[in-house]
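One structure is given here, and the rest of the page talks about it.
The values are calculated or read from the model by the stated rules, or taken from the named source; none is laboratory data. Since we're looking at a predicted model, the values are computed, not measured. Don't worry about glycine lacking a Cβ; one is built from the backbone with ideal geometry, like all the others, and counts go over all protein chains shown.
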C-alpha cells in the first residue's frame, strides 16, 4: 500500500486503527478534512473502515495547508487554531508597544515636575520631531515584514539575517538623511508657530536625542526579524525591562543629579539603545538558524530593497500624518484651546486602543507572509477572514463603551466642565473612529504581509488627501460644524480607504499571491523555489485543490 509517509505496508480490513495511525490521521478530525487519500491495495480506506476524528492540532500542523471548510465544525476548529496563533503573536507585540509608549509618557511625567516650559518643549519634541522620524523609520523597516515573513515560510531561514542587515544599512542611511530635521528643529518649530523659548528648548532636546533616532535603525529591523519567526515573547520582556530601567534612570538623572531636560534626553538615549542591543544579543546567541554572521550579501539588491522600504514608509506615513493633520486644522478654529484640548483627549483614548491593533497588525502580517511563503493559500485566506471578524467585534466593544461613558470618561483627563462637554459632543465620532480603526490596521497588516505596500500607498494618498482632508476642511471651515466637521471629513476618507481595501482583500486570488511570494523569494535569494503544493500533489497522486 502506498502511503503519504512513503512506506509500504499491508493492513487488514479489521485493523482500521493502525491504518489511521500510519496515515497520519488521529481521532478528532472530520473525514472531509482529511487531505491525503489512503488506499489499501487500490481500495479507499473509507471503504474498509470508519476513520475517527483527528485532534485539531493535526489540522493546523505545518505538514500542509488547511483543507477546505465544509461544515460549521470545521470552521470552529480552524477559527480556534488561527485565533490562538494570532494572539500569541499580537499579545506580546502589543505589550511591547505599550512599554515603548510608557517610556515616552514617563519622560513627560518627570520633565513635567521641572516646569511648564520644559514639559511643553519635551512634549513637542517627542510628538513632532521624534514621532516623524519614528513613523518614517518604522515604515522603512516594514519591508522586512514582507521579506522575512515569506522567506521564513518558504524555509529560507538563513536569508533572514541577510535581509535584516540590508535593512540596517538602509535605515542608517535614512537616519543621516533625517539629521537636518533634528539639527534645525528649533527654526522649524518657530516656523510652525511655537513660542521662541519653547522652540529653543525643544530644539536642544531634539539634538540631544539624535542617538535615540539612530537606535531605531537597529531596533526596528531586529524586531521584524524576530516577529517573522514568531519569537515575540522576548520583545515583551525586553520592552518591560527597558521601561523599568528607564524610570530608574530618569529618577537618577533628574531628581538626584539635577540634570533637567538634558538628563531626560540621556535617559531616553540609554533606554533606546539598551533595547536595540538586547535584541541584537538575543539574535546572535539564540537565533543561529536565521543569523549566520555579517555577510557581503547584505550589499546585494540594495536598490530593490530600498524601493520596497520606501513604499512601506510612504504607506505608513500617509496614515500617521493624516491623523496629525486634524490637530493642525483644529488649532486654527475659534476657541482653539477647547477645540484642540477636547480633540486631543479623544485622540489619546483612540491611541490606547490603537496599541492593541498595532499588535494585531503585526500578527496578521506575520501570519499572511509565513503562509504565502509556505505555499498555504487557504491558511492565509482563513487567517485574514478570522482576524477581521474578531477585530470588528473588539472595535464594536470599545465603541459601545465610549458611547455608554461619553459624559464621564473625560473626567480622567480634565476638571473643566466646558472641556468635558466638548469631549461628550465628540464621543460619537470617537466611537466611529475606533470602530474603523479596528479593521483598517488589520487590512494594512495584510497588505504588508502580501507585499502590496505600493498599491496601498496610492489608495491612502487618494482617500486621505484627495477626499478626506479637503472634505474635512470644507465641513470644518465653511459650515457651523467646526471641529466635528473636520473629523467627519477625516472619517469619510478612512471609511473609503477601508472599503476599497476590503474589496481588494475579497477579490484576492490567494493562489496567485503564493506564486508571487515564491517569485519574490527566487529573485531575492537567487535560488529556484518550487511550489510545495506541486510535489505534494504528485506524491499524494492528486491535484492541488483550489480555494
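Below is a table of values for the structure above.
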item	result
In segment 250-265, the residues that are surrounded by fewer than 19 Cβ atoms within 10 Å (Cβ to Cβ) and in a helix (DSSP H, G or I)	251, 252, 255, 256, 260, 262
Odd one out for residue 348 among (1) in contact with a helix residue (DSSP H, G or I) (Cβ under 8 Å, 6 or more places away or on another chain); (2) in a helix (DSSP H, G or I); (3) at pLDDT below 90; (4) over 16 Å from residue 441 (Cα atoms)	(1)
Residue within segment 282-289 that is modelled with pLDDT of 85 or more, under 23 Å from the mean Cα position of the chain (by Cα) and assigned to a helix (DSSP H, G or I) present	yes
Any hit, segment 106-119, residues being assigned by TED's automatic domain parsing to the domain that holds residue 239, touching a residue at least 12 places away in the same chain (Cβ under 8 Å) and within 21 Å of residue 356 (Cα to Cα)	yes
The lone exception for residue 183 - which of (1) in contact with a helix residue (DSSP H, G or I) (Cβ under 7 Å, 6 or more places away or on another chain); (2) touching a residue at least 40 places away in the same chain (Cβ under 8 Å) it fails	(2)
Residues being modelled with pLDDT of 90 or more, farther than 30 Å from residue 384 by Cα and surrounded by 15 or more Cβ atoms within 10 Å (Cβ to Cβ) - total across segment 407-442	2
Test: residue in segment 395-413 that is touching a helix residue (DSSP H, G or I) at 6+ places or on another chain (Cβ under 9 Å), part of a helix (DSSP H, G or I) and closer than 30 Å to residue 152 by Cβ	yes
Contacts under 7 angstrom Cβ, first residue in segment 155-169 being within 13 Å of residue 287 (Cβ to Cβ), partner at pLDDT 90 or above, 6 or more apart	160/225; 161/291; 164/221; 164/222; 164/225
Of the criteria (1) part of a loop (DSSP other than H, G, I, E, B); (2) surrounded by fewer than 13 Cβ atoms within 10 Å (Cβ to Cβ); (3) modelled with pLDDT of 85 or more, which one residue 68 fails	(2)
Single condition residue 114 does not satisfy, out of (1) over 21 Å from the mean Cα position of the chain (by Cα); (2) part of a helix (DSSP H, G or I); (3) under 23 Å from residue 260 (Cβ atoms)	(2)
Residues that are under 23 Å from residue 182 (Cβ atoms) and crowded, with 22+ Cβ neighbours inside 10 Å, drawn from segment 216-241	216, 217, 219, 220, 221, 222, 223
Criterion violated by residue 472 - all others in (1) closer than 21 Å to residue 138 by Cβ; (2) surrounded by 20 or more Cβ atoms within 10 Å (Cβ to Cβ); (3) more than 16 Å from the chain's Cα centre (by Cα) satisfied	(1)
Any helices (runs of 4 or more DSSP H) falling wholly within segment 125-184 and containing at least 2 residues that are surrounded by fewer than 24 Cβ atoms within 10 Å (Cβ to Cβ), within 21 Å of the chain's Cα centre (by Cα) and not assigned by TED's automatic domain parsing to the domain that holds residue 370	131-141, 159-183
Residues located in segment 334-349, provided they are surrounded by 17 or more Cβ atoms within 10 Å (Cβ to Cβ) and touching a residue at least 40 places away in the same chain (Cβ under 8 Å)	338, 339, 341, 342, 343, 345, 346, 349
Every pair of residues 6+ apart whose Cβ atoms lie under 9 Å, when the first sits in segment 123-146 and is within 16 Å of residue 217 (Cβ to Cβ) while the second is outside any helix (DSSP H, G or I)	130/209; 143/451
Qualifying helices (runs of 4 or more DSSP H) (wholly inside segment 457-527; at least 1 residues being within 26 Å of residue 388 (Cβ to Cβ) and free of Cβ contacts under 8 Å to residues at least 12 places away in the same chain)	483-507, 510-525
